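There's a structure below that I have some questions on.
Bear in mind that the values in this text are calculations on the coordinates, not laboratory data. None of the values given here were measured: they were computed from a predicted structure. Virtual Cβ from ideal backbone geometry, glycine too; neighbours counted across all protein chains shown.
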Amino acid sequence: MTFPILDETLRIERLRPPAGKVRMVLDTDTYNEVDDQFALTYALQSRGQLAVEAVYAAPFTNSHASDPGDGMRQSYDEILRILGHLDIPPSGFALKGSTAYLSDADTPVESEAAADLVERGMRESDGPLYVVAIGAITNVAAALLMEPRLVEKVVVLWLGGQPLHWHSASHFNLGQDLHASRLVFDCGVPLVHFPCDGVASHMLTNLYEIDACVRGRGSIGDHLADTYRKYFADHTARTKEIWDIITIGYLVNPEWVRTELVHSPVLTDQLTWSIDHSRHFIRNATCVRRDSVFRDMFQKMDSAARL
């Protein structure tokens, strides 16, 4: 597959931390664990900074999803539950994604989500569409394969894989679909990468904080708190990463997430990073102000519950 080559000046401009309200879509494996539900809620309650135009259900496979399609359908159902708690109609807003991972580097898997991303991304607009992906990046890669000119129209934010100096690139989101993961680093789309361990892993909370700051904040607060409580049988001295809210925090206030321009790494077959300084630039997250992001999310949940 051949993709348009962006002028490097335009790429760097697109990779500047956003200023002002941005258009975005959220691609999420919402039922994989507990963090996506928080990220979706946080995004939808950040209307002053974010215009969320659509939510896509991403595929996943784990102990309670027998195959990618099963994971995607469970994610879609959880999206509907979240929207129900927030009184947001799902029609035309929540869309089903891929039921399979990419079979090779050139063949897209068609879905409602991928088709919507192509149509929405190619619309004329004053600025790019921000595509926030917090699961396997199959839907986004499929859309790029369906319409390569999307690289000129969107900025992709993806939480997946490990820091570039790590001995391994592998983590859950990245390892689910190797073809899709490699494509977003290779195709030249403006990409903001959020590594997991050592970066997003700082987004820790515990049951006591959840009960104090989330429970009782409307039906959505109780749903999130109940979901969190069920994740561990014993919460004593135990924290849990709410990984995905780092992406929303970055869009709300880029100063909360330290980033730098680096050359896009090569993702090898051994799931390691190889560095080639002749490749195009991406923006890479290196540090996060955990307290600022959580405080903002908690305050917005509290404010929404008082309306």
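Kindly give the semi-axes, whole Å and largest first, of the ellipsoid equivalent to region 146-263, taking each as the square root of 5 times a Cα gyration tensor eigenvalue. List each step's numbers first, then the result.
Details: eigenvalues 192, 57, 41 Å².
The equivalent ellipsoid of region 146-263 has semi-axes of 31, 17, 14 Å.
To continue, here is another question. How high is the FRET efficiency from Y208 to S125, r the C-beta distance, R0 35 Å, rounded to 0.05? Before the final figure, lay out each step's value.
Working: r = 43 Å, r/R0 = 1.24.
After rounding, the FRET efficiency stands at 0.20.
Would you compute, for the Cα atoms of region 58-136, the largest minus smallest coordinate along each principal axis and list the three values in descending order, in whole Å?
Principal extents (largest minus smallest coordinate, Cα): 43, 39, 18 Å.
Quick check on region 122-178: what are the equivalent-ellipsoid semi-axes from the Cα gyration tensor, as sqrt(5λ), descending, whole Å? Show your work: numbers first, answer last.
Values: eigenvalues 127, 31, 16 Å².
That gives 25, 12, 9 Å for the three semi-axes.
Once phi is turned into ³J(HN,Hα) by the Karplus curve 6.51 cos²θ - 1.76 cosθ + 1.60 with θ = phi - 60°, what whole-Hz value does each residue of region 199-204 show in order, with x for glycine and proline?
Calculated HN-Hα couplings, in order: 10, 4, 5, 6, 7, 9 Hz.
Then there's this: Restricted to Cα positions, what overall size does region 204-261 have along the principal axes? Three whole-Å values, descending.
Computed over region 204-261, the largest-to-smallest principal extents equal 41, 26, 15 Å.
Hey, can you rank 278-288, 262-272 by average C-beta count inside 10 Å, highest first?
Values: 278-288: 18.0, 262-272: 15.2.
The peptides rank, most packed first, as 278-288, 262-272.
Which one of Y228, I137, V151 is farthest out on the positive end of the charge dipole of region 130-264, using unit charges on Cβ (Lys, Arg +1; Asp, Glu -1) and the Cα centre as origin?
Working it through, the farthest residue towards the positive pole turns out to be Y228.
Can you give the FRET efficiency to the nearest 0.05 for R306 and E8, using r as the Cβ-Cβ distance and R₀ = 51 Å? It would help to have the intermediate numbers written out before the result.
Numbers: r = 47 Å, r/R0 = 0.92.
Working from the Cβ atoms, E equals 0.60.
Same structure again: Using the Karplus curve 6.51 cos²θ - 1.76 cosθ + 1.60 with θ = phi - 60°, what ³J(HN,Hα) values do you get for each residue of region 264-271, in whole Hz, with x for Gly and Pro?
4, x, 9, 8, 7, 5, 8, 6
Would you mind pulling out the separation of the Cα centroids of region 9-35 and region 134-209, in Å?
The two parts, judged by their Cα centres, are 11 Å apart.
Would you please give the FRET efficiency between D222 and D67, computed as 1/(1 + (r/R0)^6) with r the Cβ-Cβ distance and R0 = 35 Å, to the nearest 0.05? Write down the numbers at each step before the final one.
Details: r = 31 Å, r/R0 = 0.89.
Once rounded, the FRET efficiency stands at 0.65.
If the cut-off is a Cα-Cα distance under 21 Å, which lysines reach K153, setting aside same-chain residues fewer than 8 apart in sequence?
Counting by Cα, and skipping residues close in sequence, K153 has these lysines nearby: K21.
Using the Kirkwood radius over C-alpha pairs as Rh, can you work out the diffusion coefficient of the chain via Stokes-Einstein at 37 °C, viscosity 0.692 mPa s, in µm² per second?
Details: Rh = 19.2 Å.
Rounded to a whole number, D works out at 171 µm²/s.
Would you compute, from DSSP H runs of 4+ residues alone, the mean residue ellipticity of the chain at 222 nm, taking -39500 (n - 2.57) per run and dividing by the full residue count, rounded to the nearest 500?
Values: 11 runs with 114 residues, N = 307.
Result for the chain, helices only: -11000 deg cm²/dmol.
Once you have the Kirkwood Rh of region 266-307 from its Cα pairs, apply Stokes-Einstein at 37 °C and 0.692 mPa s and quote D in µm²/s. Spell out each step's value before the answer.
Working: Rh = 14.2 Å.
For the chosen part, D equals 231 µm²/s.
Using only the alpha-carbon atoms, what does region 1-155 span along each of its principal axes? Please give whole angstrom values in decreasing order.
So the extents along the principal axes, rounded to whole Å, are 44, 40, 24.
What's the extension gain from C287 to F93 if we count 0.36 nm per residue and subtract their Cα-Cα distance? Write out the running numbers ahead of the final one.
Numbers: separation 194, 0.36 × 194 = 69.84 nm, distance 3.21 nm.
Taking C287 through F93 to full extension adds about 66.6 nm, to one decimal.
Name the residues whose placed amide hydrogens come within less than 5 Å of the amide hydrogen of V155, ignoring near sequence neighbours (fewer than 5 apart) on the same chain.
Those qualifying (amide H under 5 Å, at least 5 residues apart or on another chain) are L129, Y130, V131.
I've got another one for you. Where does the charge balance sit around F232 when Lys and Arg score +1, Asp and Glu -1, over other residues with C-beta under 12 Å from its C-beta? Could the numbers behind the result be given before it?
Details: positive: R229, K230, R238, K240; negative: E33, D234.
Local charge sum for F232: +2.
Mind checking the alpha-carbon convex hull of region 51-91 and giving the volume per residue in Å³?
Working: hull volume 3.0 nm³, N = 41.
In region 51-91, the Cα hull volume divided by residue count equals 74 Å³.
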